[in-house]
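The values are calculated or read from the model by the stated rules, or taken from the named source; none is laboratory data. None of these values were measured; they are calculated from a predicted model. We place every Cβ from the backbone using ideal geometry, glycine too, and count neighbours over all the protein chains shown. Accessible surface is based on the protein model in full, side chains and every heavy atom, while ligands, DNA and RNA are left aside. Shrake-Rupley method; radii C 1.70, N 1.55, O 1.52, S 1.80 Å.
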Amino acid sequence: TLAQLLPVPHRAYLHAFDALERAGADVRGMAHITGGGLIDNPPRVFPPGIGMQIDTASWTVPPVFELIVQRAQVARHEAFRALNMGVGFLFILPAAQAGAALDALKTAGEQPWVIGQMVEGQGVTFTGAV
């Protein structure tokens, strides 16, 4: 139920960062996906002229967020702005390091995936359903 799921605290991502650091990853940006969701939070760490393209098919949105969208009758795009939709934290690093970074995070007990890529432009765009 929502009453059971909503009080669950945010998790800390220091352990994940430490795993990347030990692996020698060149972390160039980080974004905790909280109240600004995937639309407002990530661009805060982008340099001018750089945006991000997120592939919404790269993960499954947890049922709790689908339930919130349905029960609160929130437009899906607004849910991606207000909620994390199952993405708690983003680490931004060179694409060439993705495989090693994923391996390091999995070894540390995380469940990482590549969510998208940096592109010329501004803000966040989506491929897939939003």
Looking only at the stretch 58-74, and only at residues there that are polar (S, T, N, Q) and assigned to a helix (DSSP H, G or I), the one that is least open to solvent (accessible area, probe 1.4 Å): Ser58
Cross-chain or 6+ apart pairs with Cβ under 8 Å, the stretch 12-25 first and in contact (Cβ under 8 Å) with a residue 40 or more places away in the chain, then in a loop (DSSP other than H, G, I, E, B) and among the small types (Gly, Ala, Ser): Tyr13/Gly88; His15/Ala108; His15/Gly109; Ala16/Ala108; Asp18/Ala108; Ala19/Ala108
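Filter the stretch 54-74 for residues that are of a type in the set (A, V, I, L, M) and over 22 Å from Ala95 (Cα atoms) and give the result.
In the first step, residues of the stretch 54-74 are kept if they are of a type in the set (A, V, I, L, M); the result is 54, 57, 61, 64, 67-69, 72, 74.
Within the stretch 54-74, Val61, Val64, Leu67, Ile68, Val69, Ala72, Val74 meet the criteria.
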The listed residue being more than 23 Å from His15 (Cβ to Cβ) and among the aliphatic types (A, V, I, L, M), out of Leu67, Leu38, Leu90, Leu105: Leu67
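Matching residues to (1) of a type in the set (D, E, K, R); (2) touching a residue at least 60 places away in the same chain (Cβ under 8 Å); (3) open to solvent by less than 60 Å² (accessible area, probe 1.4 Å); (4) in contact with a strand residue (DSSP E or B) (Cβ under 6 Å, 6 or more places away or on another chain):
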| position | (1), (2), (3), (4) |
| --- | --- |
| Gly86 | no, no, yes, no |
| Ala96 | no, no, no, no |
| Ala104 | no, yes, yes, no |
| Val114 | no, no, no, no |
| Val119 | no, yes, yes, yes |
| Thr127 | no, yes, yes, yes |
| Val130 | no, yes, yes, no |
Selection within the stretch 22-34 - closer than 28 Å to Leu6 by Cβ and open to solvent by less than 60 Å² (accessible area, probe 1.4 Å): Ala31, Ile33, Thr34
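Collect the residues in the stretch 75-84 that are open to solvent by 50 Å² or more (accessible area, probe 1.4 Å) and either of a type outside the set (Asp, Glu) or part of a loop (DSSP other than H, G, I, E, B) (or both), keeping them in residue-number order. Let's see the steps before the verdict.
Within the stretch 75-84, the subset open to solvent by 50 Å² or more (accessible area, probe 1.4 Å) is 75-78, 81.
Ala75, Arg76, His77, Arg81 - these are the residues of the stretch 75-84 that are open to solvent by 50 Å² or more (accessible area, probe 1.4 Å) and either of a type outside the set (Asp, Glu) or part of a loop (DSSP other than H, G, I, E, B) (or both).
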